[in-house]
Amino acid sequence: MQTLLPLAEQAAVLLKARRETIAIAESSAGGLLSAALLAVPGASAYFLGGAVVYTRKAREQLLQLPREAVAGMRSASEPYALLLARTAVQRFSASWGLAETGAAGPTGNPYGDSAGHSCIAIAGMSVEIITLETGDAGRVANMRAFSAAALQLLLRHLSR
């Protein structure tokens, strides 16, 4: 958490200054992304909510995304990450939606992605999707790397 907190603090300053809000939909980061943003005092000014969308059931229940909405999409992909980010914006009426989906490890996922693969998307006033390949099988290290990459993506967009 110590490596994520400085990034979250920078994002918090920018979100507050811009009077903007954020909602999170994360998977392989396991809640670390939300935890980092919530660890900053005054998070209620910008953090509207988050969901760990780790399973199909979680996606359907927490984000109300039916199976039909993801037809033809695999979960650890850029289109899926963007769908999650846009859905977070809509469900929470947030300025920004930030989403992460991938394979933390120690093994890959059923779709053929190796451990350390993550797709991260931001949606709101601008949109961007990135794919991260850490090349690491360490689950916790990947969770941290995914969260850090998501926070860096957020900072890039907030700094524009």
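The table below gives the values:
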| read-out | value |
| --- | --- |
| Neighbours by Cβ (under 6 Å, 6+ apart or cross-chain): first from region 13-32, within 19 Å of Lys57 (Cβ to Cβ); second part of a loop (DSSP other than H, G, I, E, B) | Ala25/Val53; Ser27/Val53; Ser27/Tyr54; Ser28/Ala104 |
| Filtered residue count, region 97-109, keeping only those that are touching a strand residue (DSSP E or B) at 6+ places or on another chain (Cβ under 9 Å) and surrounded by fewer than 24 Cβ atoms within 10 Å (Cβ to Cβ) | 2 |
| Members of region 118-159 found to be over 17 Å from Leu4 (Cα atoms), open to solvent by 10 Å² or more (accessible area, probe 1.4 Å) and either in contact with a His (Cβ under 6 Å, 6 or more places away or on another chain) or of a type in the set (Val, Ile, Thr) (or both), listed by number | Ser126, Val127, Ile129, Ile130, Thr131, Glu133 |
| Contacts under 9 angstrom Cβ, first residue in region 57-86 being under 19 Å from Ala104 (Cβ atoms), partner assigned to a helix (DSSP H, G or I) and aromatic (Phe, Trp, Tyr), 6 or more apart | Arg74/Tyr80 |
| Which listed residue is modelled with pLDDT of 95 or more, open to solvent by less than 50 Å² (accessible area, probe 1.4 Å) and touching a Cys at 6+ places or on another chain (Cβ under 6 Å), from Ala81, Ala94, Ala115 | Ala81 |
| Residue in region 39-46 that is of a type outside the set (Gly, Ala, Ser), surrounded by fewer than 17 Cβ atoms within 10 Å (Cβ to Cβ) and in a loop (DSSP other than H, G, I, E, B) present | yes |
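The values are calculated or read from the model by the stated rules, or taken from the named source; none is laboratory data. Note that the structure is a prediction, hence the values are computed from the model and not measured. Ideal geometry is used to build each Cβ from the backbone, glycine not excepted, and the neighbour counts take in all protein chains shown. We work out accessible area using only protein heavy atoms, side chains counted, and drop any ligands, DNA or RNA first. Shrake-Rupley method; radii C 1.70, N 1.55, O 1.52, S 1.80 Å.
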